[in-house]
Amino acid sequence: MHCGSTVFIRYIMKELIFMEHDGGIDDLLSQLLLLTMDNKEILGINVTPADCYIEPALESSYKILQLFDRADIPIGRSDFNGVNAFPNDWRAGPEIVNVLPMIINLPEAPDPYSLPNAIDLLVEKLLSAKDKVNIIITGPCSNLVQAIEKEPNIKSKIKKVIWMGGAFRTQGNVQTYQHNGTAEWNVFWDPISAAKLFSFELPLVLIPLDVTNHVPVNKAFLSKLAYQQQYPMSNFAGQLWASTVDTIPSYHYVYFMWDVLATSFLDIADEFVVEEVLATVSTRPPNAGQTLLDENGYKIKIATDVNKAAFYDYVLERFRR
Ligand code: AGV
Ligand code: CA
């Protein structure tokens, strides 16, 4: 049967994905976006208590899976608390998600402490994967690094790591004591793991602030999204993004589509400008977590630009399903 076999080939060729996120609004939107990609098979999702508190974040993650009838996708819980904590206000922000009308009445999420450990889930899913796996990280990279240290064999099962992290030829977004402002938060949360990740020399593509600075959450985009709110995912995504507009203090911080841009790279990599560089990570004050171009560093790729219009259109198109 010709037609049947084509369907079969498409099915077996689905790209395998493992997602690592940290429960921010942006991370949850990224999970939503990933779930709209019919050409991907999601092996698992790990949540780290970095830019979130873990219990509400696990609940949101589970309920978003339910929206897509995909509660079968396993969720892993990280218990790692990092090196440099995120501001508490940022961590508490995403709790709004669990009271939004679209998900508040969905069946209750499982007890967070019954979920598998994140490192174990990642190791298990990589070892048992039939093909190499793309890992999309929209929070810190600690679980992946600890998983590789625990089971180095998983390195050969990784096709590519795409990580929203770093700031190369632009200033960072960390503003705190004992810091000169050069680091991006996902790297700063655990600079030691970031330095190790670079040293593993995996196929690694960073989506740093250099490129995410091009894609703020702006009113023009939110307005377009609202014009298509008859699609439930557009309505829901619009509510999630609306909750970021009062980012505190708003005169200082703008919310960008950091993680959503990184996630879109799984589908529209051709719309990005990517450069191969040699780089290292500082692990000490005054610039802990700074990603540095360094001719004695490790070979990685960084995205430096994106076709903005193509990206925003892509997101609008995905949420029209
Ligand atoms: O540094 C960007 C990362 C992304 O993974 N996060 C937010 C995204 O999920 C940290 C962050 C920077 N500025 C923030 C952040 C803000 N104003 N509110 C919450 N998180
Ligand atoms: Ca994040």
Any chance the range 140-161 includes a residue that's within 11 Å of ligand 1 (Cβ to nearest atom), buried (at least 19 other Cβ atoms within 10 Å of the Cβ) and among the β-branched types (Val, Ile, Thr)?
no
May I ask you to say which residue of Glu20, Glu41 is within 13 Å of ligand 2 (Cβ to nearest atom), among the charged types (D, E, K, R), under 24 Å from Ser128 (Cβ atoms) and outside any loop (DSSP other than H, G, I, E, B)?
Glu20
Matching option when the condition is free of Cβ contacts under 8 Å to residues at least 60 places away in the same chain and on the phi > 0 side of the Ramachandran plot, among Asp79, Asp69:
Asp69
From (1) crowded, with 20+ Cβ neighbours inside 10 Å; (2) away from ligand 1 (no atom under 11 Å from the Cβ); (3) under 23 Å from Thr48 (Cα atoms), pick out the condition that doesn't hold for Val211.
(3)
Could you check, for the range 29-36, whether at least one of its residues is assigned to a helix (DSSP H, G or I), within 13 Å of ligand 1 (Cβ to nearest atom), at pLDDT 95 or above and polar (S, T, N, Q)?
yes
Contacts under 6 angstrom Cβ, first residue in the range 126-139 being in contact (Cβ under 8 Å) with a residue 40 or more places away in the chain, partner outside any helix (DSSP H, G or I) and among the polar types (S, T, N, Q), 6 or more apart:
Gly139/Thr48
Set Ala194, Ala118, Ala147: member being under 19 Å from the mean Cα position of the chain (by Cα) and under 20 Å from Glu55 (Cα atoms):
Ala118
Exception for Val245 within (1) surrounded by fewer than 16 Cβ atoms within 10 Å (Cβ to Cβ); (2) away from ligand 1 (no atom under 13 Å from the Cβ); (3) more than 18 Å from Asp22 (Cα to Cα) falls at (2)
Check on Phe198, in a helix (DSSP H, G or I), in contact with a strand residue (DSSP E or B) (Cβ under 7 Å, 6 or more places away or on another chain) and more than 15 Å from ligand 1 (Cβ to nearest atom)
yes
What's the total number of residues in the range 253-295 that are away from ligand 1 (no atom under 16 Å from the Cβ), under 16 Å from Ala167 (Cβ atoms) and surrounded by fewer than 17 Cβ atoms within 10 Å (Cβ to Cβ)?
5
Filter result for Ile103 (modelled with pLDDT of 95 or more and within 16 Å of ligand 2 (Cβ to nearest atom)):
no
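The values are calculated or read from the model by the stated rules, or taken from the named source; none is laboratory data. Remember, it's a predicted structure, so these values are computed and weren't measured experimentally. So basically every Cβ, Gly included, is an ideal-geometry build from the backbone, and we count neighbours across all protein chains shown.
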